[in-house]
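A.B. asks: Before I ask anything, let me first share the structure, which is written out below as structure tokens.
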Amino acid sequence: MALRAACIDIGSNTTRLLVADVEDRRLEVVTEEKAFTALGRELQAHGRISAAKLVELVAVVDAQVAVAQRLGATQTRAVATAAVRRAANGRRLAREVAERTGTEIEILSAGEEARLAFSGAVGMLDEPPTGLIGVVDVGGGSSEVVVGEPGRAPVWWESVPLGSSSVTDRWLHSDPPRPAELSAALGHVRAAAAGLSPPRPGRALAVGGSATSLGAVAGRLLDGPAFARALYLLGAEPSAALGGRIGVDPRRLRLLPGALLLLEAMATRLGVPLTIGRGGIREGLLLELAVR
């Protein structure tokens, strides 16, 4: 019998809800929702969550918990990633959400993020591959790179403290970003990734909101020509104009050049192109419920 469960993920860019039926280690999505809460941008400027942002985030999570309950979810897991982990008052957010909604928030470590992103990405494949597979999860405040075999613990992982939001806020101030800004950001991203020495996988997946949105610009395969084509398109017109034309939220599109630079750097370190995957942290969390 299927278990209907929900996961709420408080990230640097968005707060997302996934409600799904879990059975035989497979997920059937019931609904997905997201709210652009832009927590990473606020932390970049102040290092803590403001009182107004706390109120906003608690209200968003409360509304998502209500949706999950209305749809019949019998279990709801709520997690927070890099932004809340780094915020000086991140645990205050967790307390206020618990008091308002009765739902506990688990603040994930970088290692837990990596493990869950890998589990979710591999678990959502139609046919799990054999041999080593890589997963790159570019979030708003950090990027995780994982290599492992399906059904086993990862053999290697690393977290880079840069994400689409932090790269955008630090170096890509113009919309669209100027060539000089892109060049500066690329230098910083490559420097951050230079120390990564993963085992080479047979194939690799890119997951996360930015990776999914990049599909509308570059297609599902992110190789050298696709990266070049996407970077050209993202630098050619403002995010509002391009977003309206290709059907991507301009707030997400504004972050894609930074995400693209990160994904290209990670693909270089892995030594294989990336294919945009369907799963990630939320799916990984719910799939874990199937084996408990």
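The values are calculated or read from the model by the stated rules, or taken from the named source; none is laboratory data. Being a predicted model, the structure only gives us computed values, none of them experimental. Virtual Cβ from ideal backbone geometry, glycine too; neighbours counted across all protein chains shown. Accessible surface areas use protein heavy atoms only, side chains included; no ligands, DNA or RNA. Shrake-Rupley method; radii C 1.70, N 1.55, O 1.52, S 1.80 Å.
A.B. asks: For the stretch 86-97, which residues satisfy the criterion of being open to solvent by less than 40 Å² (accessible area, probe 1.4 Å) and of a type in the set (Gly, Ala, Ser)?
C.D. replies: Those that are open to solvent by less than 40 Å² (accessible area, probe 1.4 Å) and of a type in the set (Gly, Ala, Ser): 87, 90, 94.
A.B. asks: Here is a further query. Tell me which residues, restricted to the stretch 182-201, are over 13 Å from residue 260 (Cβ atoms), open to solvent by less than 40 Å² (accessible area, probe 1.4 Å) and not small (Gly, Ala, Ser).
C.D. replies: Across the stretch 182-201, the qualifying residues are 196, 198, 201.
A.B. asks: Is it fair to say residue 257 is open to solvent by less than 60 Å² (accessible area, probe 1.4 Å) and not in a helix (DSSP H, G or I)?
C.D. replies: no
A.B. asks: Assess whether residue 288 counts as being open to solvent by 20 Å² or more (accessible area, probe 1.4 Å), closer than 30 Å to residue 4 by Cα and not aliphatic (A, V, I, L, M). It would help to see each step written out before you state the result.
C.D. replies: Details: open to solvent by 20 Å² or more (accessible area, probe 1.4 Å): yes; closer than 30 Å to residue 4 by Cα: yes; not aliphatic (A, V, I, L, M): yes.
Here the answer is yes, as residue 288 does meet what is asked.
A.B. asks: Return the total of residues in the stretch 4-16 being farther than 25 Å from residue 166 by Cβ, open to solvent by less than 60 Å² (accessible area, probe 1.4 Å) and either more than 18 Å from the chain's Cα centre (by Cα) or charged (D, E, K, R) (or both).
C.D. replies: 1
A.B. asks: Restricting the stretch 234-244 to residues that are over 19 Å from residue 165 (Cα atoms) and assigned to a helix (DSSP H, G or I), which is most open to solvent (accessible area, probe 1.4 Å)?
C.D. replies: The residue in question is 244.
A.B. asks: Of everything in the stretch 80-97, what is small (Gly, Ala, Ser), touching a residue at least 40 places away in the same chain (Cβ under 8 Å) and over 21 Å from residue 19 (Cβ atoms)? Give them in sequence order.
C.D. replies: The answer is 82, 83, 87, 88, 90.
A.B. asks: Select from the stretch 103-139 the residues that are touching a residue at least 60 places away in the same chain (Cβ under 8 Å), within 14 Å of the chain's Cα centre (by Cα), under 22 Å from residue 273 (Cβ atoms) and open to solvent by less than 20 Å² (accessible area, probe 1.4 Å) and list them in ascending order.
C.D. replies: Those that are touching a residue at least 60 places away in the same chain (Cβ under 8 Å), within 14 Å of the chain's Cα centre (by Cα), under 22 Å from residue 273 (Cβ atoms) and open to solvent by less than 20 Å² (accessible area, probe 1.4 Å): 117, 118, 120, 121, 135, 136, 137, 138.
A.B. asks: Right, next: Considering 100, 77, which residue is free of Cβ contacts under 8 Å to residues at least 60 places away in the same chain and either assigned to a loop (DSSP other than H, G, I, E, B) or open to solvent by 10 Å² or more (accessible area, probe 1.4 Å) (or both)?
C.D. replies: 100 is the lone residue from the list that is free of Cβ contacts under 8 Å to residues at least 60 places away in the same chain and either assigned to a loop (DSSP other than H, G, I, E, B) or open to solvent by 10 Å² or more (accessible area, probe 1.4 Å) (or both).
A.B. asks: Turning to a different aspect of this structure: Mind checking which residues of the stretch 43-81 are closer than 26 Å to residue 3 by Cα, of a type in the set (D, E, K, R) and at pLDDT below 95?
C.D. replies: Across the stretch 43-81, the qualifying residue is only 77.
A.B. asks: What tally of residues in the stretch 17-69 results from selecting those that are open to solvent by less than 70 Å² (accessible area, probe 1.4 Å) and among the basic types (Lys, Arg)?
C.D. replies: Final tally of qualifying residues: 1.
A.B. asks: Please go through the stretch 27-74 and give me each residue that is without any contact (Cβ under 8 Å) to a residue 24 or more places away in the chain and assigned to a loop (DSSP other than H, G, I, E, B), ordered by number.
C.D. replies: Passing the criteria: only 50.
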